Amino acid sequence: MNDTHAPDRALLDQLAPATDLAGLHRLLELRAEQEGLLDVSYRTIDSPLGSLLLAATPTGLVRVAFDREGFDTVLASLATRLGPRVLRAPARLDDAARQLDEYFAGTRTAFDLPLDRALSTGFRGQVHTYLPQIAYGHTASYGQVAAAVGNPGAVRAVGSACATNPLPVVVPCHRVLRSDGSLGGYLGGAKAKTTLLALEHAA
Amino acid sequence: MSMQQPFEHTVTAHGPTVLRVVRAVLGPGPDADDAWAETFLAALRAWPDLPADTNVQAWLVRVAHRKAIDVTRGARRRAQPTDILPERPATTGLPDSAEPDLWAAVAALPERQRLSLAYHYLGGLRHTETAELIGGSPEAVRRAAADGIRALRRTYAPEGAPR
């Protein structure tokens with residue numbers, strides 16, 4: 001942008017200041033929720049694992065995403081799969097944000113949130129539904145989970161189910177390790193998995 | 001192929017443009033805020049059915065034009081009949097507006113100049129598109145917008161900017 005246009009840009013910004021737009025965005029969130037217009041509401045929170053994206057449908061929490069996944073990529077995928085009426089609207093996620101804060105502070109050992117399992121289908125869905133039965137502070141191997149969902153041979157499929165868990169942290173795929181006790185993969189990275197296991201053992 | 005982009009991107013990308021347009025049309029204040037919110041609520045309702053190749057900004061500016069008319073009509077309906085015309089609310093009353101003098105200068109323009117200027121210079125519509133919205137020939141709309149800009153430069157210029 002050259003010198004002739006620079007003042008115009010600054011002037012245009014002053015005609016629609018960011019503080020005014022933030023207030024109007026809140027008004028839009030409120031009205032959109034009231035009228036049931038949103039397919040997906042989302043917000044971000046800070047956590048010991050870095051910034052986390054939380055997304056919910058009217059049914060419940062549908063996605064927790066790590067920064068490294070790319071929030072724009074995740075939101076674009078939610079828009080395609082669940083509907084494009086996707087809005088940053090933190091109110092619907094207040095409860096989830098509070099429970100995650102408590103979990104990271106070590107004062108909560110289980111989540112009590114309505115979940116939308118729309119992104120968990122088939123065998124993966126069975127694995128995701130089973131995972132919360134592995135209690136806080138405990139771990140299981142991929143093989144044990146495969147056996148628990150009635151398909152002892154499906155160790156690799158359990159691994160890929162854990163890798164595609166749409167609700168990490170809340171649905172505790174971090175509690176599933178390799179049978180030799182080594183870490184195994186994690187959507188949020190090995191460091192995030194170690195952090196969560198350390199948090200739960202320290203409590 | 002219909003819209004699959006998350007709606008939030010649209011609010012981020014075009015929220016400022018729509019706010020400038022409705023403020024120029026209605027003056028900064030609660031009416032402009034209502035028109036802004038109604039524009040994006042209407043957009044949200046229509047979003048999944050909107051063709052993916054839509055020029056979203058131009059489409060939003062046209063919706064904003066209709067919502068500004070609705071807000072004006074609603075305000076007239078709410079107004080008590082009176083022999084004395086109410087004073088125009090002071091545009092300087094908006095605490096967050098950094099440019100009260102400019103808004104006052106915009107508000108002082110004749111309506112067709114103000115609208116032609118708002119939809120073209122602030123909203124990015126072509127003069128032909130503005131003419132479809134507010135009537136008149138594209139050439140008349142072009143002249144009105146140019147006259148409006150000239151008048152603004154006479155009455156208002158940010159400090160240090162060339163007049």
How many of the residues in segment A:23-36 are small (Gly, Ala, Ser), surrounded by fewer than 21 Cβ atoms within 10 Å (Cβ to Cβ) and closer than 21 Å to A:ARG63 by Cβ? 1
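Within segment B:5-22, can you find the residues that are within 7 Å of chain A (Cβ to nearest Cβ) and either touching a residue at least 40 places away in the same chain (Cβ under 8 Å) or open to solvent by 40 Å² or more (accessible area, probe 1.4 Å) (or both)? Before the answer, list the steps.
Taking segment B:5-22 and keeping what is within 7 Å of chain A (Cβ to nearest Cβ), we get B:5-8, B:11, B:15-16, B:19-20.
Answer for segment B:5-22, where residues must be within 7 Å of chain A (Cβ to nearest Cβ) and either touching a residue at least 40 places away in the same chain (Cβ under 8 Å) or open to solvent by 40 Å² or more (accessible area, probe 1.4 Å) (or both): B:GLN5, B:PHE7, B:ARG20.
Hey, can you tell me all the residues within segment A:71-94 that are over 21 Å from B:LEU41 (Cα atoms) and open to solvent by 70 Å² or more (accessible area, probe 1.4 Å)?
Within segment A:71-94, the first condition is being over 21 Å from B:LEU41 (Cα atoms), and the residues that meet it are A:71-74, A:77, A:81, A:94.
If the condition is that a residue be over 21 Å from B:LEU41 (Cα atoms) and open to solvent by 70 Å² or more (accessible area, probe 1.4 Å), then A:ASP72, A:THR73, A:ARG81, A:ASP94 are the ones that fit.
Give me the strands (runs of 3 or more DSSP E) completely within segment A:1-97, filtered to those with at least 2 residues that are over 30 Å from B:ALA24 (Cβ atoms) and of a type in the set (Ser, Thr, Tyr), ordered by residue number. Talk me through it step by step, then tell me what you get.
On the way: elements: A:40-47, A:50-56, A:61-66, A:86-88.
Those strands (runs of 3 or more DSSP E) span A:40-47.
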I'd like the full set of residues that are of a type in the set (Ser, Thr, Tyr), open to solvent by less than 70 Å² (accessible area, probe 1.4 Å), modelled with pLDDT of 90 or more and within 14 Å of B:LEU19 (Cα to Cα), limited to segment B:89-133. B:TYR119
By residue number, the members of segment B:39-58 that are more than 9 Å from every other protein chain (Cβ to nearest Cβ), open to solvent by less than 50 Å² (accessible area, probe 1.4 Å) and within 15 Å of B:THR17 (Cα to Cα) are B:THR39, B:ALA43, B:VAL56, B:ALA58
Quick test of your reading of the structure: B:SER2 fulfils all but one of (1) open to solvent by 10 Å² or more (accessible area, probe 1.4 Å); (2) more than 9 Å from chain A (Cβ to nearest Cβ); (3) more than 21 Å from A:GLY23 (Cβ to Cβ). Name the failing condition by number. (2)
Conditions (1) modelled with pLDDT under 95; (2) open to solvent by 20 Å² or more (accessible area, probe 1.4 Å); number of the one not met by A:ASP39: (1)
Residue by residue through segment A:24-40, note down the ones that are facing chain B (nearest Cβ under 8 Å) and among the small types (Gly, Ala, Ser). A:ALA32
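The values are calculated or read from the model by the stated rules, or taken from the named source; none is laboratory data. Given the structure is predicted, the values throughout are model-derived calculations rather than measurements. All Cβ positions, even for glycine, are placed from backbone atoms using ideal geometry, and neighbour counts span all protein chains on display. Calculation scope for accessible area: heavy atoms of the full protein, side chains included, ligands and nucleic acids excluded. Shrake-Rupley method; radii C 1.70, N 1.55, O 1.52, S 1.80 Å.
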